[in-house]
Amino acid sequence: MNNSARAIEVRDITKIYRTGAVEVPALRGVSFAIEHGEYVAIMGPSGSGKSTLMNLIGCLDRVTSGSYLLDGVDVSSLDDDALAEIRLKKLGFVFQGFNLLARTDAIRNVALPLFYAGVPSRERNTAALERLAEVGLADRATHKPTELSGGQQQRVAIARALVNNPAVLLADEPTGNLDTQTSDDIMRLFGELNAGGRTIIMVTHNEEVAAHARRVIRLRDGLIVADDRSPSALPVS
Amino acid sequence: MYVGEALRVLIENKIRTLLTITGLIIGVGAVIAIQVLGSGMSGAVEGVLGGFADNSFFVQPNPSQGDFLKAAIHLRDLDQVRRQVPNISDAVPLSIVREMARSGHTHARSTVFSTSAHRYAKEPFQYGSNLTQSDVDTSAAVCLISHAAYEKLFPSGGDPVGESLHIGTHRYMIRGVLQPPRAGILNPNQGGDVSLPYTTFDRDFLHGEPMLLAVFYVADVSQIADTETATVKALRAIHRNAADIQYITFDRKQIAGFITGFFDTLTLIVGLIGAVSLVVAGIGIMNIMLVSVTERTREIGVRKAIGARRGQILAQFFIEALVLCGIGCGIGLALGLAIGFAVNELALVKLSGTVSAIPWLQATLVAVTFATVVTLAFGTYPALRAARLDPIEALRYE
């Protein structure tokens, strides 16, 4: 982690999709910065550009114009393999549908990013087991995703997102597939992680979920319409 | 990791995996079997014809001509041919009768061959010795018996040389007992039960009737084709050059050529089956890998989002194809080697009586290399397709 730089800094970024001759602007000039250790929710109705913004922040896509610095590195014009490297080293993804590998047990799911980073097998397992313990699933290491509940699967996914010690944890509707009780558990875990210094950026359309964050960026029609810091957000439990 | 992952995927889809590698199994098996057979057969040709002296050729009336008997060859004709064709060193009639043989009170139905002094000259004898030229010249009442006939006619064993053997109404003195024959279908040692000097045979059984076929020996082997033509010409002259009289000749080279031609055709057919199977197997692998890539689009998206580079996705699917190939090759190898070994041991070695060197390692390498090249050639496109997937679209794939 580059401590002198901001976690995320986007300046006037746009994203335009071309379908044949038609140009569809998804983002029309967005600028903001996120410091290390922040806990941010990105909100907005469908079509507001929040998924596009998430893909750009997550280095899954490139901006049409503007600049994007992730942990002090300009990633706006990197090629596919360089972006993959950035995703591997600096970002951790948590998806709505968990997206664990079905045939693979929990510990190997968690260790997968380390495999792609070229970490030797023994170290991979040690690190993966540590992360599983952090999310409270050390005793489920050899279970396959089908043998775990939704909440447990999302915990495994969070452990996987953290295993490379990323600069930013990106979560896309992390509680979208979970019941209220389990959602609260996951939100509590996010709170703990943030309290421990993790930078978390979460896309959601659920106000209750967003209320757990300490800052909410609202998008509409490809532009930021509100950026509220709320020190009164729910306290970390 | 990649290999373990690939194995898990393949084991999870057992039937699909098995169907996919069937082509590979057949292909690899065929390619190996054909190489084993190919080298086994070239040894077999030598073995089959091992007893067929390359300085001899056979002549018989063409069995398909109108009046077969008009072209018949008699013992007296041979002397005439011998005088007219300079390259011929000897001419021996070959005829066969089935007769009851008796030794003491033991009877056995036997085949009786006419033979010359040098037919068994190089064969080992269990008892006694070979016929002599003077036996032939004097139409001596002597005979040789095969090992099988000896066991039938002398159940109590013992050296039968000098004892009497009755064939039909004739009586012969046993001159020798041949050792059991080597394997080989044209082995001279595998003649009939009883062999008589051809002069004796002519006197006692043919009574001047024509022989089955004539065996000619040549002095200069390189002239054998010309000698065959000259011999046929001489025989036709003896039969007054009648237009409808025809003879067929065959020598070792012709028979070898015939057998080799047969084996070559067989090799070509099985080789083609192998090659076609492997190409079809390659297409099958490509097909199933494309299905696999499509089915796992979302998984690929996740892997990419997590940070897998193109090369790492490529490697995953490449290795999956190679593991598939490896399983197919393994089974195909076992099958091909088993078939090759069985055919070689049970048929070729028995047939030829010789054990030829089989290039097992080379056969295996050729088949595995071919299969691997096919797999890589057809596995490239699906793997590239997986590697080039856009992570956002792949993650959205349902």
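In table form, for the structure just shown:
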{"item": "Output for segment A:109-154, where each listed residue is under 23 Å from the mean Cα position of the chain (by Cα), surrounded by fewer than 17 Cβ atoms within 10 Å (Cβ to Cβ) and acidic (D, E)", "result": "A:E130"}
{"item": "Exclusive hit being more than 10 Å from chain A (Cβ to nearest Cβ), in a helix (DSSP H, G or I) and on the phi < 0 side of the Ramachandran plot, set B:G301, B:G282, B:G311", "result": "B:G282"}
{"item": "Only listed residue being more than 14 Å from chain B (Cβ to nearest Cβ), in contact with a helix residue (DSSP H, G or I) (Cβ under 6 Å, 6 or more places away or on another chain) and farther than 17 Å from B:I392 by Cβ, chosen from A:A102, A:A106, A:A111, A:A21", "result": "A:A106"}
{"item": "Criterion (away from chain B (no Cβ under 14 Å) and assigned to a loop (DSSP other than H, G, I, E, B)) met by exactly one of A:G136, A:G97", "result": "A:G136"}
{"item": "Enumeration of residues in segment A:64-85 that are within 14 Å of chain B (Cβ to nearest Cβ) and either in contact with a strand residue (DSSP E or B) (Cβ under 9 Å, 6 or more places away or on another chain) or in a helix (DSSP H, G or I) (or both)", "result": "A:L70, A:V75, A:D80, A:D81, A:A82, A:L83, A:A84, A:E85"}
{"item": "In segment B:356-398, residue surrounded by the fewest Cβ atoms within 10 Å (Cβ to Cβ) [restricted to those that are in a loop (DSSP other than H, G, I, E, B) and of a type outside the set (V, I, T)]", "result": "B:E398"}
{"item": "The lone exception for B:E295 - which of (1) acidic (D, E); (2) away from chain A (no Cβ under 14 Å); (3) under 30 Å from A:D172 (Cβ atoms) it fails", "result": "(2)"}
{"item": "Test for A:G150: is it more than 10 Å from chain B (Cβ to nearest Cβ), over 21 Å from B:A394 (Cβ atoms) and among the small types (G, A, S)", "result": "yes"}
{"item": "Test: residue in segment B:86-96 that is out of contact with any strand residue (DSSP E or B) (no Cβ under 8 Å at 6 or more places or on another chain) and at pLDDT 85 or above", "result": "yes"}
{"item": "Matching entry among A:S76, A:S51, A:S65 (being at pLDDT below 95, over 20 Å from the mean Cα position of the chain (by Cα) and surrounded by fewer than 22 Cβ atoms within 10 Å (Cβ to Cβ))", "result": "A:S65"}
{"item": "Subset tally (residues that are free of Cβ contacts under 8 Å to residues at least 24 places away in the same chain and under 11 Å from B:D251 (Cβ atoms)) for segment B:201-224", "result": "0"}
{"item": "From the options A:A41, A:A33, A:A26, residue that is within 14 Å of chain B (Cβ to nearest Cβ) and either part of a strand (DSSP E or B) or touching a strand residue (DSSP E or B) at 6+ places or on another chain (Cβ under 6 Å) (or both)", "result": "A:A26"}
{"item": "Among residues of segment B:121-161, those that are part of a loop (DSSP other than H, G, I, E, B) and either of a type in the set (S, T, Y) or more than 15 Å from B:L196 (Cα to Cα) (or both), counted", "result": "15"}
{"item": "Residue within segment B:76-92 that is surrounded by fewer than 16 Cβ atoms within 10 Å (Cβ to Cβ), over 23 Å from B:V232 (Cβ atoms) and touching a residue at least 40 places away in the same chain (Cβ under 8 Å) present", "result": "no"}
{"item": "Residue check for B:L365: within 14 Å of chain A (Cβ to nearest Cβ) and not aromatic (F, W, Y)", "result": "no"}
{"item": "First in segment B:272-294 and within 18 Å of B:F318 (Cβ to Cβ), second anywhere and surrounded by fewer than 16 Cβ atoms within 10 Å (Cβ to Cβ), Cβ under 8 Å, 6 or more apart", "result": "B:G282/B:A377; B:G284/B:L19; B:M286/B:Y381; B:I288/B:R16; B:L290/B:Y381"}
{"item": "Subset tally (residues that are facing chain B (nearest Cβ under 10 Å), at negative phi and assigned to a loop (DSSP other than H, G, I, E, B)) for segment A:114-127", "result": "1"}
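The values are calculated or read from the model by the stated rules, or taken from the named source; none is laboratory data. Model, not experiment: these values are computed from the prediction. A quick note on method: Cβ atoms are made from the backbone with ideal geometry, for glycine too, and the neighbour counts reach across all protein chains shown.
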